[in-house]
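Just so you know, all these numbers are worked out from the coordinates, no wet-lab data involved. All values reported here derive from a predicted model rather than from experimental measurement.
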């Protein structure tokens, strides 16, 4: 689903870039990455990766600087990663990744969002086995074969390289996303539309009418929670 998926992500990134809620979520993610390692992105690969994504989402510099400065201070605020899986209407499946300082609050909020918006929260593993974790890189270009060669020469574990409509989408093993980015940068590619670790559905479903409206409402409710960092699903063209 290559470029189709990339188009969806690009649109969402552009929309999200204009919201203060998304800025706040990136602020938490930047703080955690800086707190867990060196607050200097030159020596902290995890922080550098988050900053790249924040720039793609047009997060203002003062938000980034404030989060890094907070990590340099004496605060002992701790955030914990979580994952919640569940079902929407007509075969739709949803994975919710969270980053929170209060796990009980977040679990209750996510469960409520599912329950009040036409969904059902499932047990751990009930949905994720139908998704594959992959690194995804999207950038301008049209020569997929040349990019594939660059990545192979750099010993990057590549799942696929697709070229369509002036953009190239690279899928890597999750552990090789950073390695792939460094190989591309070493060959003069420095501007990226998407650099993400994603959960890619093994198959998709198409929703229409009331089912689609219910699904949109459910995803909006989940994404609006301050502790929710990412929402993955298997609905086509959404």
Mean separation of Cα contacts under 8 Å (6+ apart) over length of the chain, as relative contact order %: 24 percent
With -39,500 (n - 2.57) per DSSP H segment of 4 or more residues and division by the full residue count of the chain, the 222 nm estimate, nearest 500 deg cm²/dmol, is -14000 deg cm²/dmol
Along its principal axes, what span do the Cα atoms of the range 46-136 show, with the longest given first and each in whole Å? 44, 31, 21
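At 0.36 nm per residue, minus the direct Cα-Cα distance, what do residue 152 and residue 80 gain on full extension? Give it in nm, one decimal, please.
On the way: separation 72, 0.36 × 72 = 25.92 nm, distance 3.55 nm.
Contour length minus the Cα-Cα distance gives 22.4 nm.
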Length gain on complete extension for the stretch residue 62 to residue 133, per 0.36 nm per residue less the alpha carbon to alpha carbon distance? 22.4 nm
Give me the number: length gained by fully extending residue 237 to residue 19, i.e. 0.36 nm times residue separation minus the C-alpha to C-alpha distance, one decimal in nm. 76.3 nm
The alpha-carbon pair-distance distribution computed for the chain, with 5 angstrom bins and whole-percent values, is 1, 6, 13, 16, 18, 17, 14, 9, 4, 1, 0
Alpha-carbon gyration tensor eigenvalues x 5, square-rooted, for the range 132-238, Å: 31, 15, 12
